[in-house]
Every structure is written in structure tokens, then in C-alpha cells.
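S.K.: Following this message is one structure expressed as C-alpha cells.
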Amino acid sequence: MIVGGFLGFLGLFLSAFVSQMELWILTYGVISGLGFGLVYSPCFTVVNFYFERRRAIAIGMVLLGTGIGSVVFPFVFQSLIAYYGLRGAVLVISALTLNICVCAALIRQPKELSHWKISLLQKANSEDESQGMKNKTNLDAKKQTCFNCHICKTKRPLFHFSLLRIPSFLIYAIGFMCSIFAYFSNFVLIPGHARVQGMDSEDIAVFLSVIGGVMVLARPAVGILADSNLIHKRNIIGAFVVVGGILSIILPWMPGFYPLIIYSVSVEIFPGSFFMYIPLLLLEITALDNLPQAQGLMNLCIALPVGISQPAAGWIRDLTGDWCWSFRVSGAVSLLAGVCFIIEPVFRPKKRLKENQTVSSETAQLENL
């Protein structure tokens, strides 16, 4: 995270002095994008190692920061550009980005995880020492060789592509890819639809701030719902993205300021909630110690729709002449995501499904004690 925060700062800082689009893509797109990508995954995965009973609520609280930023920064950007110009505004934002390094330096590995790693190495070495005694080999040489051997064995792989052989992971990947496509396209659809109806930039800033404000309230509330175990997490996110898709399809038939406000609220409550469900659903199909690799691989999958969602929405608008079909395509993709989440148990092995259901019921009973 510290390296990512520094790269984010460096990319933004260099972007302030760039005047060519090609260099802007390199500094702002590649360098800053790489930095923020290195920050994103650890923020989500580290929370799962600290919390178990109220994991969804903890993730929702982490996402409060993005909600507050979505409320404040649209107006901050406008003010910075008005007072300092584009270059000065980018310099100020780059300085703010350095706070990521400060926050990352405050994160410490849980003591339980450290003790687990130490005990694992000690156990590995003791086993090899015993084996060495049986074979009457030199104990000191055996200890040194086997210690290095087991350190290599206990290291986690950087990539865990074997997850791609799990049908449930592939179904979840398709579902999250469709969800993120529908979600991010709204940040082009809402401003474009508002301008067509004669609204100004201040109204557009209000819509985007409403999305952030709802995020502050909705994501912790959704976390409470997920931790209550009243409804399976998979069914919650499936229902949410289906509702979001339906609203996206019917919005073009409801012009006006207030329908767009209502839609902005629904964007964050329904399709926007999928962020916090990514690690929660991944933990159903993989172990906790494999979560960083699973989260990274999932982020690799959803990077494609993040990059093409907004250009695709604009391309559909240019092709059809209005934003209506862009909303409809976004809604259809969101409905497809809902179908993926709902039918996921069909692709899960029956043995693993029964084990997960047993663990979920036992966890719910323990939490109710």
C-alpha cells in the first residue's frame, strides 16, 4: 500500500506538468492507475484478517471513506480548479494522495496470523529434525536445509490461477464483471442524461454527491443485513443488481430532476453494494489464507469492464443518437449479473455446498448465543 500510495502521488504530480495526451495517459492512467490498484486490494483483504463475526459490517465501514470522498470531492475539485487552475488542482490532489502512505504505515499484521506463521515453521522444522534423527544424518545441516525448504513451502504464490478451474469462481467473476460494468457506466449516463434535459454542471455535481451520500448510509446498512444471516449473501447481491437493472431500463421513460435524484440514490443502494460482497462471496469458495490471491485475480477480471463500461456507454449513445439505449444495455447487463449470482449454487459441487451450508448454520447459531 505504501508503494501504491507513492506511485499514485508520482503519477498525479507528473500529470500536472504534462501537456500531451499520450504522456497524460502514461502518467495519470498507467502510473497512477498502477498505484491505486496496489492500494485497492490490500484495503479489502486486510480487513478480513481482523474481523470474522462482523466482517460485512467492517467492510462497509471501510467503504465509508469512499462515500465521504464522493460527497466532498466533486465540490472540492470545482473549487480547486476555479482558484488554482487545472495544474494547481492536480498538484493539490497529488499531495493529498501521500496520506495513503501514512495510513498504510499504521496497518499492522494481526498477532494471531504472526503466531500461526511462526508455529507453522517451527512445526515444519521439528518434523524435519525428527526425520533427520531417524536417518542418522547431521542434525545441524539438516536443520539449515529443511528450514529454508519449508520457508519456500509456506510462501503463498503470487497468482492463484487454479481458482479459474472452480466453476463457482467463474460464475462470480462473470457476475461481478457485469455488475461493475453497469455501475461504472452510470457515471457517464447520469451526467449525459442530465445535460440532455437542460440541467447544468451544478445539478450534475448534486447527483454525484447524492450517490456518495447514500454510500455513507447504505453500505454499513447492507453490511448489517449481510451479517444477520437472514438471507444468503449471494441472494442479497443478486436481488440488488436485478432491482438496479430494472430501474436503469425504466429511467428513460421518467424525465425530470427528481426521477434522476431517485435513480442516483438507487444506484448506490442496489448495484453499488456489490463492492463489499466480493471478499464475502470469495470466502465461501476459498480459504482465508488464499483470499489475497483470489481478490487479486477477481480484480484482474473486473478491470476489463471498468475500462470499457464508460466508453461503451458513449459509443452506444453515438450510435443511437440518445442515452436511452445506453441505459437499457446497462440494465440488461445488470440483470445478467443477477442471474449469475442466483444460479451459482447449480455450479457448486454438492459436497462443498452442504459443507458451506453447515458452516453457515453453525456460525449463525454461535452468533445468536
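The values are calculated or read from the model by the stated rules, or taken from the named source; none is laboratory data. Because the structure is predicted, anything quoted here is derived from the model rather than measured. Cβ coordinates were reconstructed from backbone atoms using ideal geometry, including for glycine residues, and neighbour counts include every protein chain displayed.
S.K.: Looking at segment 14-29, is at least one residue within 24 Å of residue 282 (Cβ to Cβ) and buried (at least 19 other Cβ atoms within 10 Å of the Cβ)?
M.R.: No - not one qualifying residue is present in segment 14-29.
S.K.: Can you list residue pairs whose Cβ atoms sit under 6 Å apart, with the first residue in segment 81-98 being touching a residue at least 60 places away in the same chain (Cβ under 8 Å) and farther than 25 Å from residue 65 by Cβ and the second being small (Gly, Ala, Ser) and surrounded by fewer than 19 Cβ atoms within 10 Å (Cβ to Cβ)? Count only pairs 6 or more apart in sequence or on different chains.
M.R.: 87/16
S.K.: Six or more apart or on different chains, Cβ atoms under 9 Å: show the pairs whose first residue is in segment 11-40 and closer than 21 Å to residue 295 by Cα and whose second is among the aromatic types (Phe, Trp, Tyr).
M.R.: Listed pairs, sorted by first residue: 32/9; 35/6; 35/9.
S.K.: Moving on. With respect to residue 234, determine if the residue is charged (D, E, K, R), more than 17 Å from residue 191 (Cα to Cα) and surrounded by fewer than 24 Cβ atoms within 10 Å (Cβ to Cβ).
M.R.: yes
S.K.: At pLDDT 85 or above and touching a Ser or Thr at 6+ places or on another chain (Cβ under 7 Å), is that true of residue 163?
M.R.: Answer is no for this residue.
S.K.: Answer with yes or no whether residue 173 is modelled with pLDDT of 50 or more and assigned to a helix (DSSP H, G or I).
M.R.: It is true that residue 173 is modelled with pLDDT of 50 or more and assigned to a helix (DSSP H, G or I).
S.K.: Out of contact with any Gly (no Cβ under 9 Å at 6 or more places or on another chain), surrounded by fewer than 18 Cβ atoms within 10 Å (Cβ to Cβ) and not in a helix (DSSP H, G or I): does that describe residue 255?
M.R.: Yes, satisfied.
S.K.: Output the residue which, of all residues in segment 299-323 that are crowded, with 17+ Cβ neighbours inside 10 Å and of a type in the set (A, V, I, L, M, F, W, C), is nearest to residue 180 (Cα to Cα).
M.R.: 302
S.K.: Here is a follow-up. Got a number for residues in segment 324-336 being in contact with a Leu (Cβ under 6 Å, 6 or more places away or on another chain) and of a type in the set (A, V, I, L, M, F, W, C)?
M.R.: So the count comes out to 1.
S.K.: Kindly establish whether residue 210 is assigned by TED's automatic domain parsing to the domain that holds residue 177 and either surrounded by fewer than 21 Cβ atoms within 10 Å (Cβ to Cβ) or of a type in the set (Lys, Arg) (or both).
M.R.: Here the answer is no, as residue 210 does not meet what is asked.
S.K.: Let me ask something else. Inside segment 1-118, counting only helices (runs of 4 or more DSSP H) that do not spill past its ends, which hold 2 or more residues that are among the hydroxyl-bearing types (Ser, Thr, Tyr) and at pLDDT below 85?
M.R.: 32-50, 64-97
S.K.: Within segment 203-241, how many residues turn out to be in a helix (DSSP H, G or I), over 25 Å from residue 73 (Cβ atoms) and out of contact with any Ser or Thr (no Cβ under 7 Å at 6 or more places or on another chain)?
M.R.: 10
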